[in-house]
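The values are calculated or read from the model by the stated rules, or taken from the named source; none is laboratory data. This one's a predicted model, so the numbers in the text were calculated from it and none came from an experiment. Cβ: placed from backbone, ideal geometry, glycine included. Neighbour counts: every protein chain shown. Ligands, DNA and RNA are stripped out before the accessible areas are found, and what is left, the full protein with its side chains, is counted by its heavy atoms. Shrake-Rupley method; radii C 1.70, N 1.55, O 1.52, S 1.80 Å.
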Amino acid sequence: MSGAAVLSLRQVSRSFGPIEVLHGVDIALSPGRVHALIGENGAGKSTTMKIMAGYQPPSSGEVLLDGAVTTFATPGEAEARGISMIHQEFNLAEPLSVEQNIFLGRELKRGPFLDKRAMRAKTRELLERLECRVSPDRLVSTLSNSDKQMVEIAKALLRETRVLIMDEPTAVLTSAETAILLRQVRALRQAGTAVLFTSHKLNEVAEIADDLTIMRDGAVVWSGPAAEMDEHAMATAMVGREMSDLFPPKDGRPGEVALELRGLTVPGFSRDVSLTLRRGEILGIAGLIGSGRTETFEGLCGLRPATGEVRVNGQPVRISEPWQAQAMGLCYLTEDRKTRGLLLAKGMRENLTLQALRQFSRGLIDTRAEEAALDEAIREFDIRGSRAALVGNLSGGNQQKLLFAKTMLADPRILIIDEPTRGIDIGTKQQMYGFIRRLAAEGRAIVVISSEMQEVIGLADSILVMRHGRVTGELSGAEATEDAIVRLAMGVAPTTAGTAA
Amino acid sequence: MTDIARAPAARPRLGRIRMGVIGPILALVVLMAIGASMNENFLSWNNMTNVLARSAFIGIIAVGMTFVITAGGLDLSVGSMAAFVAGLMILVMNLALPSMGVGLPVVMLGVGVALLAGLVAGLLNGIFVTALRIEPFIVTLGSMGIYRSLVTWLADGGTLSLDFGLRTFYQPVYYGGIFGISWPIIVFAIVVIIGEIIMRGTAFGRHCAAVGSNEQVARYSSVRVGRVRLMTYAALGLLVGIAVVMYVPRLGSASSATGVLWELEAIAAVIIGGTFLKGGFGRVWGTVLGVLILSMIGNILNLTDFVSPYLNGAIQGAIIILAVVLQRESKAGH
Amino acid sequence: MTDIARAPAARPRLGRIRMGVIGPILALVVLMAIGASMNENFLSWNNMTNVLARSAFIGIIAVGMTFVITAGGLDLSVGSMAAFVAGLMILVMNLALPSMGVGLPVVMLGVGVALLAGLVAGLLNGIFVTALRIEPFIVTLGSMGIYRSLVTWLADGGTLSLDFGLRTFYQPVYYGGIFGISWPIIVFAIVVIIGEIIMRGTAFGRHCAAVGSNEQVARYSSVRVGRVRLMTYAALGLLVGIAVVMYVPRLGSASSATGVLWELEAIAAVIIGGTFLKGGFGRVWGTVLGVLILSMIGNILNLTDFVSPYLNGAIQGAIIILAVVLQRESKAGH
Amino acid sequence: QEDETHTIGVSIPAATHGWAGGMNYFAQAAIDRLSETYPNLEFVLATASDPARQVNDIEDMVATRNIDALVVLPFESEPLTGPVQQVKASGAWVTVVDRGLSVEGIEDLYVAGDNPGFGRVSGEYMREAMPDGGQIVVLRGIPTTIDNERVEGFQAAIDGSGIEILGMEHGNWNRDDSFTVMQDFLQRHPQIDAVWASDDDMAMGVLGAIEAAGRDDIQFVLGGAGMKEMIQRTMDGDEMIPANVTYPPSMIATAIEVTAVGLVSQAPVSGEFIIGSVLVTQDNAEDFYYPDSPF
Ligand SMILES: Nc1ncnc2c1ncn2[C@@H]1O[C@H](COP(=O)(O)OP(=O)(O)OP(=O)(O)O)[C@@H](O)[C@H]1O
Ligand SMILES: Nc1ncnc2c1ncn2[C@@H]1O[C@H](COP(=O)(O)OP(=O)(O)OP(=O)(O)O)[C@@H](O)[C@H]1O
Ligand SMILES: [Mg+2]
Ligand SMILES: [Mg+2]
């Protein structure tokens, strides 16, 4: 944190209406160094980053570029001066292709016409650097979240910037992809780029960061060289209290069978998935991205066409629409909060009760009961942010908490949670894990799909690993190690466990 | 800090909404002031009830349109549908007359036919949109042509007229009323109140907004998306039927000229009222203001003759745009 | 391993796109087969050039509409705008005639007036939409009324007719041509080719799709959203001007009946062609197919008389829906 | 009593096609002229694009303008009957133009064209022009009662004459529509002897299509309603347009004038004026040529 900072904030505050969310933040990025910004959900990380990249003006305080006070009228202006940003939420035009998105606003031309060949070649090259194999002509709407993230990163790499700001770039990536990304970050650092990034995965922070800034409630609480902090200390400083064990003890005593799948097939995504889930059990589903975990369970819940035998509480059932699943006490909590989980243009109350609206209406909706439920949810899930704000304006982690609260309101007996803690801070994660365990203890049956191996191992009673749309193995107890999961997921191990659970 | 943050947060959002709320009201008030300054009879009971009663047809339809648009749909066929339903109703009543005679039964038969035909027509639109997943614009453009043709065909290119005696019997439904308020106004008011309650107070209203705002999210939240959409179209069809029940006693006839451009007027009223054309947010009371603004423009233009009647359309167009400018003004700054 | 897992998913997607591509082509082919089987003259050179030449006006406009819709807009005013521009052009040419005499200069003046008036009219729509941020539906509904009124007023309620001598001089622009292909067809083809190149081959085309699909993303990528929108409206206005230049020599007149419902026909053609009404994706060649499908329906109905002419509209409506069903069929399974 | 102000309401359909445009023009012209001559007369002119709006206009005239007389050209007969009846009941003078109401005896004055007569005169001319019979095509107007009456009159007149109607389609009193329809007729029928376009706007479209196709089998086109360009061509002896049948849009002016004079002089002229359709040929064309009219 020398005087050679490229980009820095000095005493920056930011208000939305009368609420101040940043209070006098100071931060400085130096060339050739990776700066990590960490903090709880809603601490103001994304807001800080947007101010640095010119997406929002500060309410007071100064932005300094190369030591000189600057104001960016538009993000384009900031970009022209070498600052680019990858947002926490995707900023991609879905009906356009990968190449079209990467070059949007800075198309290569030959005369008045587009030089498509050059753009395609450059796109391929960028994606290759990221070890991402999607074709430049694929429509973004057909990409997986992780591939979308890779496209976002490629888009930023194209800019060849002096300052690269990345807001939770790894939230939707698996460890393998994260490793690829971190390699790119190191290369950029080598080339003298200043990198600012946030993540709730503190091991990544410890691995890559040179400098570290910790925020809490809109203010910087600690700043200094990253080497001075270990993961535990970071967590403690972020949350403001001593962190105990992340995962609750596994004290589950599984009861009778709640859900049974035999040969569930989702055409194009998964084949012949069988499993048995008991009440009080937490079943983890591991696998690489694109292994068909999400689709399998979307198929189960009537969100996609699927075939196969499904028994709920021993009764064979047919589910072709999500509401039928819910009527049987079966709920699926999506991994994609932005486009499938929440109505971003509506308030918290409307979102919270959408799935369980019937509980609140006897002819007319009982708004008071809704408000009470919202109070309850805010308390229970520690949702921070103004009650009147649109959900789209909540911080990412708080959106995730609201999504969880929304699904729980439907009181599912069988709950499938896809990536439950994506973008959630470590303190809240701990609360969520405890919460999920409590749900199991109440006799609910729970499936947790997660790309974070630590999470599956720490939380689940037993683990199914999927690969290429098929179950490749089941692990429980001491067998459940990262190594075993990776082997099954990559298909490099002799399958010791049964192929069908 | 969260608690402190909560209370004041309401203000800026309210401020923005408030302009959206005041906009159409302001437009209406300005329009009424202009009207009153131009002609002392403008604010008379007589004129006001005339304007209200004649707004009732499009108003009733526009309430249904509010739901369709809120749920992310569109219906271009309502005008032709109204003409077709009216034609069918008249045809059936005329046919039944010899055996049933002038009286309540034949009117009830006609009312039944109108409501049923409207409902079925709406359901058909809805089924094409939901089950076959065709763009509502295309479905209803197609059915607009179909109904318009059918009424021309039913009328053999001319006009279908209700038997004169029967019409005299049935006429009080438009011209009569209680406490000096005519039936169309009363029915319109009832439809609006029910519509407002459904939109704001019931699960169905919420679901419409959810479906229109993000269909995926609605589906993942176990909302029966197809059914909600279908029901908005069915409701609109039924409301077209109700509007026709009020319309037929007024004019006693139907032809290919009946209901021309009602669809555009209804959609315009909905949007002037503040409902989002792309779906996701709708308000019934706004639609009512939109309807009143539109029919008041016509009324005011008849109050004076300061412009060539050729230019009436230009003034109407300009006022429609202005009414929305007034409303959105604050958004521009946003 | 990632690519192995991905392989199977690619297939259904291709299948879907392919159907979207084949759909309108198939609809056109089916329609042509029906036409050929009903009347042996249908496929004659003469009839085909007739159909193409008369499609040219709406076709040229629909190409512009494709851009507007792709960029997330809508324009209901094109029909009235065409009538107004035609009226203005005729008026100016008639006024200039005494001083300039029949000849190329006065025609060039008229052409200049038409193109300029179209451009300005389009820009006005665009400015209201982009600078004042009013819903395109409302802006263009308003301007539709305004232009329709203005042409009625210019024509004093009647018809504006081009001087007979001048018309004879100017007529070859509609009826003449080279290699037996008349000018409107040639101009239409050129507009389509340029449109297709711009849509697929230039940054502007991409920016339209980006703006229409997600304004925020486009803005964050330094796309000048307002300017792109404005330019789509301006281009549409200019194309209306070009269409008028072809239209006026045909019958040499303009009245309030000119261009009625062209807007709906143009929008329908765009959507039948596969462009998304909500914006984000557009294809010019699809629009051409849409235009041809629509005008072929009318042509076939005129060449046969197996139904009452009253029902023509019904058949047109049904075919429009069917053409899109054909195209979307595969989507239903999705 | 001379300085007492009277208000006359005039309610007519909007100018959506040529004839209606001409009618609008004559109405406006009559009003301008009369306002100047009689300063104590006030006029309210409203044009409507459909029957329901026309009813609105009439209601407004009664509620806000206290009209003493109403001159109405009904969009359609049935829907306007009730509202006009109420105007009559309010004590105002009622003049009905062109299209009779469906209940008799409401109006004080009736000025009308003769639609069946229009068809009949046209048919009789066809018969005369083609004594040996022939093949014709017919373009119809917007589907309405008026159009039905004209076509029925026409068909009755040519019945048994050996004239065969090859096809009838709606040209909607519109030049572009009739151009398209005629182009397609020409494709379909290799031999057409004559065309009954039933309206001069449509005749313009038909002529354009024939000219473009370069066909010379069609001997003549019979339009109608007496558009000035067409009358001129008849007058000049154009063989394609040897005749016309009148249906003067100026009848509205006559009605307004008679009503105004009646109000001012306190001696209203009541009764019925049927303006028959007259055959115009080169011999009498000059009498029907009004160069100032927009129609
Ligand atoms: N446009 C906005 N309008 C109102 N409030 C906003 C807006 N943007 C952010 N906020 C509020 O500012 C606060 C900080 O949000 P920010 O997104 O910066 O948090 P964050 O640290 O990135 O959290 P997370 O880890 O969950 O992403 C939150 O309380 C959020 O609700
Ligand atoms: N072969 C494929 N081709 C295209 N898209 C794919 C493919 N496989 C998966 N996807 C997309 O990737 C996303 C997630 O993949 P999927 O659900 O199959 O894997 P997952 O194991 O659940 O991964 P995740 O960790 O993202 O949840 C989905 O949106 C899906 O549409
Ligand atoms: Mg954030
Ligand atoms: Mg997944």
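Structure above, values below:
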item: Distance from the range C:20-83 to the range C:201-274 (C-alpha centre basis), Å; result: 16 Å
item: Shielding by partners, peptide D:12-18 (average Cβ within 10 angstrom, other chains); result: 6
item: Proximal lysines relative to A:Lys109, as straight alpha-carbon distance under 19 Å, when same-chain residues fewer than 8 apart are discounted; result: A:Lys122, A:Lys155
item: Helical contribution to [θ] at 222 nm, DSSP H n ≥ 4, -39,500 (n - 2.57), averaged over chain B, rounded to 500; result: -26500 deg cm²/dmol
item: Nearest-first distances (nm) between copies at C:Ile186, label 7 Å from Cα via Cβ; result: 7.0
item: Label point 7 Å beyond Cα along the C-beta direction, distances from C:Gly101 to other copies (nm, shortest first); result: 8.5
item: On Cα atoms only, tilt of B:45-70 relative to the major axis of chain B in degrees; result: 70 degrees
item: Sequence of D:Ser178, A:Ser244, B:Ser256 when ordered by accessible area, the most exposed leading, probe 1.4 angstrom; result: A:Ser244, B:Ser256, D:Ser178
item: Spin-label proximity, D:Arg33 to the range D:73-87 - amide N less than 20 Å from point 7 Å beyond Cα toward beta carbon; result: D:73
item: Neighbouring partner chain Cβ atoms per residue of C:219-231, average, 10 Å criterion; result: 4
item: Span from the the range C:131-194 Cα centroid across to the the range A:430-456 one, whole angstrom; result: 67 Å
item: GNM top mover of D:Pro242, D:Pro116, D:Pro39 - chain D, alpha-carbon springs below 10 Å; result: D:Pro39
item: Reachable lysines, given that their alpha-carbon falls under 26 Å from the alpha-carbon of A:Lys346 and they are not under 8 places away in the same chain; result: A:Lys45, A:Lys50, A:Lys148, A:Lys338, A:Lys401, A:Lys406, A:Lys429, B:Lys278, B:Lys331, C:Lys278
item: For peptides A:285-291, A:453-459, sequence by mean Cβ density within 10 Å, most packed first; result: A:285-291, A:453-459
item: Accessible area of C:Met32 in the full protein assembly, 1.4 Å probe (Å², nearest 10); result: 50 Å²
item: Nitroxide proxy distance, nm - points 7 Å out along Cα→Cβ at A:Arg10 and A:Thr74; result: 2.8 nm
item: Compactness index (Cα Rg / 2.2 N^0.38 Å), chain C; result: 1.05
item: Choice from D:Ala212, D:Ala29, D:Ala48 showing the highest fluctuation, given a GNM over chain D with Cα pairs closer than 10 Å; result: D:Ala212
item: Shielding by other protein chains, D:48-58, mean Cβ within 10 Å; result: 6
item: Per-pair calculated FRET efficiency, R0 = 35 Å: A:Arg379 and C:Ser222 via Cβ, rounded to 0.05; result: 0.25
item: Relative packing of B:308-320, A:129-141, which averages over residues the other C-beta atoms within 10 Å, highest first; result: B:308-320, A:129-141
item: Helix B:78-100 vs. chain B, principal-axis angle (Cα, 0 to 90°, nearest 10); result: 30 degrees
item: For the axis carrying chain C to chain B: nearest C-beta residue of C, whole Å; result: C:Lys278, 4
item: Label point 7 Å beyond Cα along the C-beta direction, distances from C:Leu26 to other copies (nm, shortest first); result: 5.3
item: Percentage relative contact order, the range B:4-332, counting C-alpha pairs under 8 Å, at least six apart; result: 36 percent
item: Folded to 0 to 90 degrees: helix D:251-265 orientation relative to chain D principal axis, Cα; result: 20 degrees
item: 5 angstrom amide H check on A:Leu196, placed H, neighbours 5+ away; result: A:His35, A:Leu164, A:Ile165, A:Met166
item: Ranked by how many other beta carbons lie within 10 Å on average, peptides B:78-88, C:160-170 from highest; result: B:78-88, C:160-170
item: Euclidean distance between Cα centres, the range C:94-126 to the range A:356-394, Å; result: 62 Å
